[in-house]
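Single-structure report; data block below.
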Amino acid sequence: MKNIAFIPKVAQAKVGQTVQWVNDDAPAHNVTYVGGPKFTSSSLMPPGAKFSVKLTQPGTIRYVCTIHPGMTGTIVVTK
Ligand SMILES: [Cu+2]
């Protein structure tokens, strides 16, 4: 997370991999599940906080930061 955005906005990953978000920004953010393969959303992440999710099934994950409108991200998970 940087400049009120998820970077990259769209990521590719494989089942079995773990994705990690790092808040490399000044404001706090969160990672909130919207759709696709289910994961448990993060709590509020202050600057420097890390959050990870293990990818267990294929599909297109959509998530947002609920604090900042337009701060959205996608992970395309393939086998
Ligand atoms: Cu945010």
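The values are calculated or read from the model by the stated rules, or taken from the named source; none is laboratory data. In this text, all values refer to a predicted model and were calculated from it rather than measured experimentally. Here the Cβ positions follow ideal geometry from the backbone for every residue, glycine too, while neighbour counts run over all protein chains shown.
As a summary of the residue check, A26 satisfies the conditions (1) in contact with a strand residue (DSSP E or B) (Cβ under 9 Å, 6 or more places away or on another chain); (2) within 15 Å of the ligand (Cβ to nearest atom) except for the one numbered (1). Mind listing just one residue for me: the one in the range 18-45 that is more than 12 Å from the chain's Cα centre (by Cα) and closer than 14 Å to H68 by Cα and, of those, surrounded by the most Cβ atoms within 10 Å (Cβ to Cβ)? Ranking the candidates gives D25 first.
Of a type outside the set (G, A, S) and away from the ligand (no atom under 14 Å from the Cβ), is that true of K9? Give the derivation first.
Working: of a type outside the set (G, A, S): yes; away from the ligand (no atom under 14 Å from the Cβ): no.
Considered against the rule, which asks whether it is of a type outside the set (G, A, S) and away from the ligand (no atom under 14 Å from the Cβ), K9 comes out as no.
Taking the criterion of being of a type in the set (D, E, K, R), without any contact (Cβ under 8 Å) to a residue 60 or more places away in the chain and within 16 Å of the ligand (Cβ to nearest atom), would at least one residue in the range 40-57 satisfy it? Yes, the range 40-57 has at least one match. Within the range 47-60, can one find any residue that is surrounded by 13 or more Cβ atoms within 10 Å (Cβ to Cβ), modelled with pLDDT of 95 or more and at positive phi? Taking every residue of the range 47-60 in turn, at least one turns out to be surrounded by 13 or more Cβ atoms within 10 Å (Cβ to Cβ), modelled with pLDDT of 95 or more and at positive phi.
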